[in-house]
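The values are calculated or read from the model by the stated rules, or taken from the named source; none is laboratory data. Values in this document were obtained by computation on a predicted structure and should not be read as measured data. Every residue, glycine as well, gets a Cβ built from its backbone with ideal geometry; the counts of neighbours run over all protein chains shown. For accessibility, only protein heavy atoms count, side chains too; no ligands or nucleic acids. Shrake-Rupley method; radii C 1.70, N 1.55, O 1.52, S 1.80 Å.
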Amino acid sequence: MDGTRIGVVIFKDEIQQFNHIFANHKSYAISNGQVQQSNQDYFNAHPLMELVLKKYTTVKEIGETINVDSTIVYNFMKFTDIDSTIHNRKAIDVCGIVIKVKDKKKTHTARGATKYVREITLMDNECHSVIVSLWEDMATNEGGELQEIASENPVISLAHVTAKKYQGELQLQTTMASIMQIYPTNDEVQHLQAWLAQINDPLKIHALTMKERIKKANKVTLHQIIHNRFLLSEDEYYFFKATVNKVENKSYIWYDSCTKCNSAISKNGDTMACRKCNIEASETTPRYRLLLNVTQENERALITIFEEAAMLYVGCPVNEYLMSVEKEENDSKYFRGLSLQTGMEFQFLIALNKKATIVNGQLNVVAEAIEKLQLENQKSAKHVDKIVQRKKIKTLQDEDEILMDTSKAKNSNTTTKRRQTKKKINCDENVYISSDDDETIQQLFKKIKKKSNSTYGSKDVQFNQEKKEKS
């Protein structure tokens, strides 16, 4: 067995004869078949020939077990080289890490035929990603298996897939001759598994792939989109920088979705239904939906982010977030983190399709990828947090010391210093405190504040008593 693949063709007159004979992962002996030149109008397992089954052809299952891993020979292509195969319709082999598996859905061809398709996203060891459309049986069989183990980020090999471009991004799709192997035993796959084990962080994986997607898109400004949209293409991806002002739906950043189409479920008493699928929903899946109010100079936008982009913004998967806010929202570091990112700058990857609208001068659009920016002339957020914390604590301690000194001063000077101190503290009240454990800082803040107020009150009593004795 040298791994040579050949397509078997059955025409309509013989389909009934061989309809229930072949099955996946079985071995067969075929005799009296007709070998002919393959039709170049279709994608074929072999570039030159195909095997046609005739009425006189015999097919017999054999007991011999064939190790598929050892029989398939791949010629893997790098993701960055796929672009060169689009125009010549050349079939290629790829391997990658599965980072996303969507639900299977029905679609209609140009001829009106109904087909099943499922999209998966692959990533290579350079963080380039590509969407692969699995069609028909592969969408159901191999795609269903991938969906069950998607959280493992399995590594797969795909043989005989073709490339196309959609909105400026490369995509792959399977053909009738395509083959998929999950966790195959070859050097390329083992190398990918070793590289993936070093990362071992789903959030980092998504962050890296989104960053690479943004790099490939066209940079624009919000002003260009809002005022000169007619100059931009609907068939390209764009990205822009903007500052987050507010999370509009901070208290409800998720919704119950349909397990088939991801649409929101409508509830009527104890009954749940999906209006899009027009069916009752016995099960639902929680799904992120964040509405970000952002600005760039004088332009405004309302950005909606779902799934991986939202998970990256929040910092955890949606189920983990729900567990963290189960008792009290403010007990959740993820909930508090929504406010901490106010004022930060992000890059947003968008498609200017029909869903992107401009209402009253504001862009409303879905962002498929985000990237948090850190300016080179700024210190890291954590470092800034620590500086602010120390500044706040020192200010409160200074207040305590000043109040202690005022008891020894004259009445006029004491009153002036008290006013200056209170003014200083009031100015610093707007200093923002944040950290990985800001609860500790807030407790310390309250402790020092309480001590300062107590000292201030006791000194007032003591001063008034001294004044009465002198009089």
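Residue check: Gln147 meets all listed conditions (1) assigned to a helix (DSSP H, G or I); (2) open to solvent by less than 30 Å² (accessible area, probe 1.4 Å); (3) in contact with an Asp or Glu (Cβ under 8 Å, 6 or more places away or on another chain) but one, namely (2). Among strands (runs of 3 or more DSSP E) entirely within segment 90-130, having at least 1 residues that are over 24 Å from the mean Cα position of the chain (by Cα) and surrounded by fewer than 16 Cβ atoms within 10 Å (Cβ to Cβ) singles out 105-108, 114-123. Being open to solvent by 50 Å² or more (accessible area, probe 1.4 Å) and in contact with a Pro (Cβ under 9 Å, 6 or more places away or on another chain) is not true of Asn268. Across segment 236-250, not a single residue is classified as of a type outside the set (Ser, Thr, Tyr), over 21 Å from Val365 (Cβ atoms) and outside any strand (DSSP E or B). The residue list Ala177, Ala139 contains one member that is in a strand (DSSP E or B), out of contact with any Pro (no Cβ under 8 Å at 6 or more places or on another chain) and crowded, with 16+ Cβ neighbours inside 10 Å, which is Ala177.
Scanning segment 188-219 for residues that are open to solvent by 90 Å² or more (accessible area, probe 1.4 Å) and part of a helix (DSSP H, G or I) returns Gln190, His191, Gln198, Lys204, Lys215, Lys216.
What tally of residues in segment 73-119 results from selecting those that are in contact (Cβ under 8 Å) with a residue 24 or more places away in the chain and more than 12 Å from Thr162 (Cα to Cα)?
The qualifying residues number 18.
Taking every residue in segment 182-194 that is among the polar types (S, T, N, Q) and pairing it with any residue that is part of a helix (DSSP H, G or I), at least 6 positions away or on another chain, the pairs with Cβ-Cβ distances below 8 Å are Thr185/Asp69; Asn186/Asp69.
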